[in-house]
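Notes follow the structure.
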Amino acid sequence: MTSRDEAVDAVEKILRYIENENDVLREGVLDTPERVISSFEEIFSGYGENASDILDSTFNAEGFEGIVLLDGVEFHSTCEHHLQPFNGFAHLAYIPDKKIVGISKLARLLDMHSKRLQNQERITNSICDDIHKILSPKGCAVIIEAKHGCMRCRGVMKQNASMKTSTMKGEFKENSFIRNELFKLIN
């Protein structure tokens, strides 16, 4: 495993590369390697968490059979291909069978997956898989819309392009009436 000191040294090497061996010890970047590693510890903190701990406390659904939707939850992640940020909004839905979960748990689940090197498709699938496996709902759906730094500030440089991904299981996948009801609920 790479030590923190080795990671700080690696950032300093990257700074030397970027600045063509110019003075990376100038005031503005003197502490940058340490700051970068500190920020990485926060940005990539999702590796230290797991879904079963986040969704561990549930409540009796008390016969509720409608859609539970946490709509428009903002997130920030990092593209594993270019180490560029991407961010947007997620819509997390499920139809309870016997148990429900506090809504903050759904937001925390999104954060856990977002705070890892990612691609949008994996975040979408992973959240839906976790909800399905842990809560055993009648159906679950995850829809994510995001703008990607790798599209906006490099390469094709398309500023307004956004990517949408969705995954559906159970009732949302099998029943078009329920799926359409979900789409009407999403803002």
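Name the residues of the stretch 114-132 whose amide N is less than 19 Å from a point 7 angstrom out from the Cα of Glu74 along the C-beta direction?
Only 114-116 pass the distance filter.
Please order Leu106, Leu25, Leu182 by the number of other Cβ within 10 Å, starting at the fewest.
Leu25, Leu182, Leu106
For every helix of n ≥ 4 consecutive DSSP H residues, a contribution of -39,500 (n - 2.57) applies; sum these over the chain, divide by its total residues, and give [θ] at 222 nm rounded to the nearest 500 deg cm²/dmol.
-12000 deg cm²/dmol
Listing Cys150, Cys140, Cys79 from the residue with the fewest other Cβ atoms within 10 Å to the one with the most, what is the order?
Cys150, Cys79, Cys140
Using amide H atoms built in the peptide plane, which far-off residues or other-chain residues are under 5 Å from Lys115 H to H?
Gly46
Hey, how many Å between the Cα centroid of the stretch 21-62 and the Cα centroid of the stretch 130-178?
Going from one Cα centre to the other spans 23 Å.
Once Lys and Arg get +1 and Asp and Glu get -1 on their Cβ, which of Leu185, Leu135, Ile123 lies farthest toward the positive end of the dipole of the chain?
Leu185
Which chymotrypsin sites (Phe, Trp or Tyr not before Pro) does the stretch 58-111 hold that lie in a coil by DSSP with at most 16 other beta carbons within 10 Å?
For chymotrypsin sites (Phe, Trp or Tyr not before Pro) across the stretch 58-111 that sit outside H, G, I, E and B with at most 16 neighbouring Cβ atoms in 10 Å, the list reads Phe64.
Can you tell me how much longer the chain between Lys147 and Asn187 gets when fully stretched, taken as 0.36 nm per residue apart minus their C-alpha distance, in nm with one decimal?
12.7 nm
So what is the relative contact order of the chain, in percent, for Cα pairs below 8 Å that sit 6 or more residues apart?
19 percent
Values quoted throughout were computed directly from the atomic coordinates according to the rules given, and no laboratory measurement underlies them. Just so it is clear, the structure is predicted and the values come from calculations on it, not from any experiment. With ideal geometry, Cβ positions are generated from the backbone for all residues, glycine too; neighbour counts draw on all protein chains shown.
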